[in-house]
1. Quick one: would you say residue 286 is surrounded by fewer than 19 Cβ atoms within 10 Å (Cβ to Cβ), more than 12 Å from the ligand (Cβ to nearest atom) and free of Cβ contacts under 8 Å to residues at least 12 places away in the same chain?
2. Could you list all residues from the range 249-271 that are more than 15 Å from the chain's Cα centre (by Cα) and crowded, with 24+ Cβ neighbours inside 10 Å?
3. Given the structure, is residue 277 closer than 18 Å to residue 115 by Cβ and either within 12 Å of the ligand (Cβ to nearest atom) or buried (at least 24 other Cβ atoms within 10 Å of the Cβ) (or both)?
4. Residue check: is residue 111 closer than 22 Å to residue 282 by Cβ and not in a loop (DSSP other than H, G, I, E, B)?
5. Considering only the range 199-217, I want to know if a residue exists there that is touching a strand residue (DSSP E or B) at 6+ places or on another chain (Cβ under 6 Å), within 24 Å of residue 120 (Cβ to Cβ) and surrounded by 21 or more Cβ atoms within 10 Å (Cβ to Cβ).
6. In the range 137-196, which residues are touching a residue at least 60 places away in the same chain (Cβ under 8 Å) and over 29 Å from residue 63 (Cβ atoms)?
7. Exactly one condition in (1) buried (at least 19 other Cβ atoms within 10 Å of the Cβ); (2) at pLDDT 95 or above; (3) in a helix (DSSP H, G or I) is false for residue 133; which is it?
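The values are calculated or read from the model by the stated rules, or taken from the named source; none is laboratory data. Just so it is clear, the structure is predicted and the values come from calculations on it, not from any experiment. Virtual Cβ from ideal backbone geometry, glycine too; neighbours counted across all protein chains shown.
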Ligand SMILES: [Zn+2]
């Protein structure tokens, strides 16, 4: 039986996430506070743990179709399965990327005010694969079967001159559509807009983990202005101190961030062509 309190909470969560995506300056905190006080009439099994981690609350708000609750240290998924939120292991920087639980996804700072990222701050590069595969698809074919076309820019920067495949899951395709509409109003940057790729099921180069491009909620753009940490620092290891380089105008970055996308240029291991739909990272770093 569907509990009306849960339905009400879900509606609240959806609006909270929309709000955080709409404006970078708007904090989602007031809604988070409201959620910490569940309706007193809820049955015991619908009441979240009193010590529910902030990250679990954020995941419920940002992915309401999939993350329905938190109980006994586990995310409660819409298909009835659960995911351990924190495996309790202390991890090295690389383990936080290669073997992430949901808690590890919130281990890094995403600083929207700094001119360059701090050492080893890679918010968003850590992805719990069990969670992302459950939402976007467990295999290349599963992800691909859901993709829709989103109107995009051609090589000359003309809006609608081309299209890209993107996942509609979690509203990602609609959010990308909203980004495109904003970019179209900034023709001065059109030489940056051509897509360099969206969906591509693969593992990260030289690593064991799945690339964000596997899930269909990521786009690379940048034309001749792309920079990448390994191109500028050949032979660098994950913990090497490296030189930062960016050519992407911040007006473009901010347009993506207003709609729930994080930018790879805010990673210490920068990838300035890379934009990925990760509203939970933005909500955790207002
Ligand atoms: Zn990318």
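1. Here the answer is no, as residue 286 does not meet what is asked.
2. 270
3. For residue 277, the condition - closer than 18 Å to residue 115 by Cβ and either within 12 Å of the ligand (Cβ to nearest atom) or buried (at least 24 other Cβ atoms within 10 Å of the Cβ) (or both) - is not met.
4. no
5. Checked the range 199-217: at least one residue is touching a strand residue (DSSP E or B) at 6+ places or on another chain (Cβ under 6 Å), within 24 Å of residue 120 (Cβ to Cβ) and surrounded by 21 or more Cβ atoms within 10 Å (Cβ to Cβ).
6. Result: 186, 189, 192.
7. Of everything listed in (1) buried (at least 19 other Cβ atoms within 10 Å of the Cβ); (2) at pLDDT 95 or above; (3) in a helix (DSSP H, G or I), residue 133 misses just condition (1).
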